[in-house]
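Working notes, structure below.
The values are calculated or read from the model by the stated rules, or taken from the named source; none is laboratory data. Note that the coordinates shown come from a computational prediction; the quantities given were computed from them, not determined experimentally. Because the Cβ atoms are built from the backbone with ideal geometry, glycine has one as well, and the counts that use them run over all protein chains shown. Ligands, DNA and RNA are excluded from the accessible area calculation, which covers all protein heavy atoms including side chains. Shrake-Rupley method; radii C 1.70, N 1.55, O 1.52, S 1.80 Å.
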Amino acid sequence: MPTVAASEIERVFRSEHGRAVAVLVRVFGDIDVAEEAVQDAFVAAAQRWPATGTPPSPAGWIITTARNRAIDRLRREASRADRHAQAALLHARDEPAEEGAVRDDRLRLIFTCCHPALDPGVQVALTLRLLGGLTTAEIARAFLVPEPTMAQRLVRAKGKIRDARIPYRVPDDAELPGRLRAVLAVVYLIFNEGSTASSGERLLREDLCAEAIRLGRLLAELLPDEPEVMGLLALMLLVESRRAARTTPGGDLVLLADQDRGRWDAGLVAEGQAIVRRCLRRNQPGPYQVQAAINAVHSDAATAAATDWGQILALYDQLLTIAPGPVVALNRAVAVAEVEGPEAALALVDGLELDGYHLFHAIRADLLRRLGRDAEAAAAYEAAIARAGNAPERAFLERRRQALGQP
């Protein structure tokens, strides 16, 4: 008798949820109808598949089941003169639920979630909810808000899409550059939250990193001629390649210079570097491509001592020209410290307005430590500790502060 483990249904949910919701949004023209129908379909899968086995096309089964469930529900509601249900049924009349256009459907949904009429924070949350299949509780934890608050935000965002008639489509060529920037920013924010969690007991949120990379791969498949799409994918792959070496078995933070490079994922490094080389041949530099190139230089070095800091500094010079900002200037100062020394770097750092950013104080503390100004370094470490969000970063900074031996 067929048996399907709950973990297999969970895997299908993670991989197919976004695809199914995207298709059903096209079919019914309504996000709420689509999302509820897909949830119903997965409940049905959890009830039936353990006995019948996984169907040959899990995605097709989910989409067909969801479409049928939605139509049944909408017919019942339409019979009670529910105009919303009648409109959804009318929209669905000539829309097949096949999987053929599923890639385009997902891209349309990403651009819908990232419409400029929506608040940037809501864009990220809605993308995670609809395409990533994350629960409202999971998203609320990532955003450090109560679950009911996040639920209200998501409801309002979906209502705004419906009431403002935000189109479910990929923007035309004239609109694409501005809209694409928002989409890439959302994916990058998701990855950053996964790579270094803003709060909690762990440094990493592997689920968010995986989801961001999945969305990045999707965008790369659909928009392979957009250099910044490829640059963002390369950047995420190269950072993700170091995940296993970024913490000790006990969860403590390990700096890049101290990581066991033998634990880096060679496959991800090779893939990321290959994409960077293709981007360089295009010669259309953008912020994500330059950041990817910086990480490629780090991944080229067999040891920390072999890092080509001169090349990294040159790339930061280029990045500061393309995307000027205090955080870029701060990261550039780290490279300056390696090329010109900590005193030159400290002069740059002290000119930045980043008091609320814990890494500003952490970098400043390290430069002061290297200059032998231990009392000032201790004060800077204390400022960094007070602003650090997650426990591993705070613990690392506290160890550095204690090592100075200052009262």
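Filter the GluC sites (Glu not before Pro) in the stretch 159-253 down to the DSSP loop ones having no more than 10 other Cβ atoms within 10 Å, then list what survives.
Hits after loop and neighbour filter: GLU201.
For the chain, build the charge dipole from Cβ charges (+1 Lys, Arg; -1 Asp, Glu) around the Cα centre, then report which of ALA270, SER241, LEU126 sits farthest towards its positive end.
Farthest towards the positive end: LEU126.
Can you pull out the trypsin sites (Lys or Arg not before Pro) in the stretch 151-254 that DSSP calls coil and that have at most 15 other Cβ atoms within 10 Å?
Filter output for the stretch 151-254: ARG165, ARG169, ARG202.
For THR247, list long-range residues whose amide hydrogen, built 1.01 Å from N in the peptide plane, is under 5 Å from its own amide hydrogen.
The list, which skips near neighbours in sequence, is VAL254.
For the chain, give the magnitude of the charge dipole about the Cα centre (Cβ charges: +1 Lys/Arg, -1 Asp/Glu; no others), in debye to the nearest 20.
Dipole about the Cα centre, nearest 20: 820 debye.
Tally Lys and Arg at +1 and Asp and Glu at -1 over the other residues with C-beta under 14 Å from the C-beta of TRP309: what net charge comes out?
Numbers: positive: ARG332; negative: ASP300, ASP308, ASP317, GLU338, GLU340.
Residues near TRP309 contribute -4 overall.
Enter the per residue convex hull volume of the stretch 287-407, computed from alpha-carbon coordinates, in Å³ rounded to the nearest integer.
On the way: hull volume 14.1 nm³, N = 121.
Dividing the Cα hull volume of the stretch 287-407 by its residue count gives 117 Å³.
Please report the relative contact order for the stretch 242-383, taking Cα pairs under 8 Å with a sequence separation of at least 6, and give it as a percent rounded to a whole number.
13
Calculate the all-directions average of the projected area of the chain's alpha-carbon convex hull, and give it in nm².
Across all orientations, the chain yields a mean hull projection of 23.1 nm².
If you plug each phi of the stretch 340-355 into the Karplus form 6.51 cos²θ - 1.76 cosθ + 1.60 with θ = phi - 60°, what whole-Hz ³J(HN,Hα) values come out, in order, with x for Gly and Pro?
10, x, x, 5, 5, 5, 4, 4, 6, 4, 5, x, 9, 9, 9, 4
Could you state the number of Å between the C-alpha centres of the stretch 1-71 and the stretch 111-190?
Result: 22 Å between the Cα centres.
Whole-Hz ³J(HN,Hα) for each residue in the stretch 111-117, computed from phi via Karplus 6.51 cos²θ - 1.76 cosθ + 1.60 with θ = phi - 60°, x for glycine and proline: what do you get?
5, 5, 4, 9, 5, x, 6
Please give the per residue accessible area of the chain, computed with a probe of 1.4 Å over protein heavy atoms only, in Å².
46
Expressed in nm², what is the orientationally averaged projection area of the convex hull enclosing the Cα positions of the stretch 1-65?
3.8
Per the Cauchy relation, a quarter of the hull surface: what is the mean projected area of the convex hull of the alpha carbons in the stretch 193-273, in nm²?
Directional mean of the projected Cα hull area for the stretch 193-273 stands at 5.7 nm².
Round to the nearest 10 and give me the degree value, 0 to 90, for the angle of helix 176-195's Cα axis relative to the longest principal axis of the chain.
70
Can you give the local net charge around TRP264? Use residues other than it whose beta-carbon is closer than 11 angstrom to its beta-carbon, Lys and Arg +1, Asp and Glu -1.
So the environment of TRP264 carries a net charge of +2.
What percentage of the solvent-accessible surface of the chain, computed with a 1.4 Å probe over protein heavy atoms, is contributed by carbon and sulfur atoms? Spell out each step's value before the answer.
Details: 9790 of 18870 Å².
Looking at the chain in its full context, I get 52 percent from C and S.
Just to confirm the number: angle between the C-alpha axis of helix 6-28 and the first principal axis of the chain, 0 to 90 degrees, nearest 10?
In the chain, helix 6-28 runs at an angle near 70 degrees to the longest axis.
Helix 309-322 sits at what angle to the longest principal axis of the chain, using alpha carbons and giving 0 to 90 degrees rounded to 10?
Helix 309-322 and the main axis of the chain meet at about 50 degrees.
To the nearest 10 square angstrom, how much accessible area does HIS115 have with a 1.4 angstrom probe?
In the full protein context, HIS115 sits at about 40 Å².
Given points 7 Å out from each Cα along the Cα-Cβ axis, report the ALA266 to GLU221 separation in nanometres with one decimal.
About 2.8 nm separates the two model spin labels.
Using C-alpha positions alone, give me the convex hull volume of the stretch 194-344 per residue in cubic angstrom.
Convex hull of Cα atoms, per residue: 125 Å³.
Could you tell me which GluC sites (Glu not before Pro) in the stretch 290-362 are loop residues by DSSP with no more than 13 other beta carbons within 10 angstrom of their beta carbon? Walk me through the intermediate numbers first.
Details: sites: GLU338, GLU340, GLU343, GLU353; in loops: GLU353.
Those satisfying the criteria are GLU353.
Starting at the first residue of the stretch 228-236, write each ³J(HN,Hα) from the Karplus equation 6.51 cos²θ - 1.76 cosθ + 1.60 with θ = phi - 60°, in whole Hz, x for Gly and Pro.
Going residue by residue, I get 6, 4, 5, x, 5, 4, 4, 4, 5 Hz, with x marking Gly and Pro.
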